[in-house]
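Inspection log for the structure reproduced underneath, given as structure tokens.
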């Protein structure tokens, strides 16, 4: 399964999985630890995901909000339009 990424507002890559957006929290030699992009706003979402060699190896599925597919599609369309 290939992973899908989008560029966030500040130019950093966001991982897209099951309608949720994740940002990189920590990178180690083997794993990349991602957290939900809504972890730092008023929602304080606890959603986390870990990847290793391009594969998801952990996903806690503990989001306190619904997936925002509309936002993800809109961002994709904006990226396409800019090209």
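Could you tell me which residue of region 62-83 is surrounded by the fewest Cβ atoms within 10 Å (Cβ to Cβ), considering only residues that are modelled with pLDDT of 80 or more and more than 12 Å from residue 19 (Cβ to Cβ)? Before you say what the answer is, go through the steps one by one.
Let us first name the residues in region 62-83 that are modelled with pLDDT of 80 or more, namely 62-67.
Narrowing further to those that are more than 12 Å from residue 19 (Cβ to Cβ): 62, 64.
On the way: 62: 10, 64: 12.
Taking the candidates together, the pick is 62.
How many residues are surrounded by fewer than 18 Cβ atoms within 10 Å (Cβ to Cβ) and assigned to a strand (DSSP E or B) if we restrict to region 36-60?
Number satisfying all stated conditions: 6.
Which numbered condition trips up residue 45, out of (1) under 11 Å from the mean Cα position of the chain (by Cα); (2) modelled with pLDDT of 85 or more?
(1)
The values are calculated or read from the model by the stated rules, or taken from the named source; none is laboratory data. Just so it is clear, the structure is predicted and the values come from calculations on it, not from any experiment. No Cβ is skipped: glycine too gets one built from the backbone with ideal geometry, and neighbour counts run over all protein chains shown.
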